[in-house]
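Shown below is the structure under consideration.
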Amino acid sequence: MSDTTILLVEDEVQIRRLVRTALEDEGHHVLECGTLKEGMAHLHADTIQLLILDLGLPDGDGIAFIRELRTQFPLSVLVLSARSAEGEKIRALDAGADDYLTKPFSTGELLARVRAQLRRLPQEGAPAETHFHFGDIEVDLAQRNVTRNGELVRLTPIEYRLLCAMLAAPGKVLTYRHLLRAVWGNAFVESNHYLRIYVSHLRQKLEDDPAQPRFFVTETGVGYRLDI
């Protein structure tokens, strides 16, 4: 059994059983419940590293719950919901969710997303990371250097700021609004075409196949995820 404790808040018993079995087979300790009230009690009583949350629960709004727990608990949140509309995904991510998986789902994809979130958990007492390596790319934030196969990659200031904004939360789905605010400022939060252009530039410079990106992943209608 790993040191990771995952809380699953889901009111459908069959889905809860499926998810719990898959997570326990991976070696995780799993707590489960069917209401937001019970979920909050677990968060106060136990040390939780990852919350898997259904939004359609019988005793409240899952998005409001995310906003509330974000003021109290430093943990990753993976939404598992039948709500597939882009607006719902954006609301959840803007509220503080780290990732969003739509039902029905495969256990393989669920476990991959769980692993991605757990890889990003900060180690207690660890300094902020300044060096990243993915594929043949190395990024040294302290030196402001980006290399590919050891060769310096020339990024424009905007391309570099966008890369840094994504490296600040690798594995997390970042909404268009979040990235636009981080890179261009509040006046540009509706300018999604800026992002498309500059993400395309990063793919051209850092992906082996820009047409089938491995690292700079599009979450259609929602935003982007740096998958490293």
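Most exposed first by the Cβ proxy, i.e. fewest other Cβ within 10 Å, how do VAL19, VAL222 rank?
Ascending Cβ contact count within 10 Å gives the list VAL222, VAL19.
Further question on the same structure: If we sort 41-47, 24-30 on the protection proxy, mean other Cβ atoms within 10 Å, highest first, what's the order?
Order by mean packing, descending: 24-30, 41-47.
Compute the orientation-averaged projected area for segment 45-98 from the convex hull of its Cα atoms and round it to one decimal in nm².
Mean orientational projected area (segment 45-98, Cα hull): 3.8 nm².
Follow-up question, since we're still on this one. How large is the charge dipole for the chain, taken about the Cα centre, if only the Cβ atoms of Lys, Arg (+1) and Asp, Glu (-1) carry charge, to the nearest 20 debye?
Value, rounded to 20: 720 debye.
More than 18 Å apart: what percent of Cα pairs in segment 131-226 qualify?
The share of Cα pairs beyond 18 Å in segment 131-226 comes to 41 percent.
Sticking with this one: Count the DSSP beta bridges whose two residues both fall in segment 5-119, then state the antiparallel fraction as a percent rounded to the nearest 5.
10
If we count trypsin sites (Lys or Arg not before Pro) as exposed when they sit in a DSSP loop and have at most 16 other beta carbons within 10 Å, what is the longest stretch of the chain that avoids them all?
Answer from the scan: 1-119.
Then there's this: Quick one, can you get me the convex hull of the C-alpha atoms of the chain expressed as volume per residue in Å³?
Hull volume over Cα atoms, normalised by residue count, gives 138 Å³.
Follow-up question, since we're still on this one. Quick check: pseudo-label points 7 Å beyond the Cα along Cα→Cβ at ARG161 and ALA142, how many nm apart are they?
2.5
Applying 1/(1 + (r/R0)^6) with R0 = 25 Å to the Cβ-Cβ distance of LYS37 and THR102, what FRET efficiency is obtained, to the nearest 0.05?
That pair, LYS37 with THR102, gives E of 0.50.
Out of all DSSP beta bridges in the chain, what portion is antiparallel? Express it as a percent rounded to 5.
55
Considering amide H positions built from the backbone, and no H for Pro or chain starts, which residues 5 or more places from LEU80, or on another chain, come under 5 Å of its amide H?
LEU53, ASP54, LEU55, LEU101
Does segment 5-119 come out rounded, prolate or oblate, given a ≥ b ≥ c as the square roots of the eigenvalues of its C-alpha gyration tensor, rounded meaning a/c under 1.5 and, failing that, prolate meaning a/b above b/c?
Because its axes are fairly even, with a/c under 1.5, segment 5-119 counts as rounded.
Let me ask another. Quick check: pseudo-label points 7 Å beyond the Cα along Cα→Cβ at ASP61 and GLU129, how many nm apart are they?
Output for this residue pair reads 3.4 nm.
Bear in mind that the values in this text are calculations on the coordinates, not laboratory data. Keep in mind the model is a prediction, meaning the values are calculated, not measured. Reconstructed Cβ throughout: ideal geometry from the backbone, glycine too, with neighbour counts over all protein chains shown.
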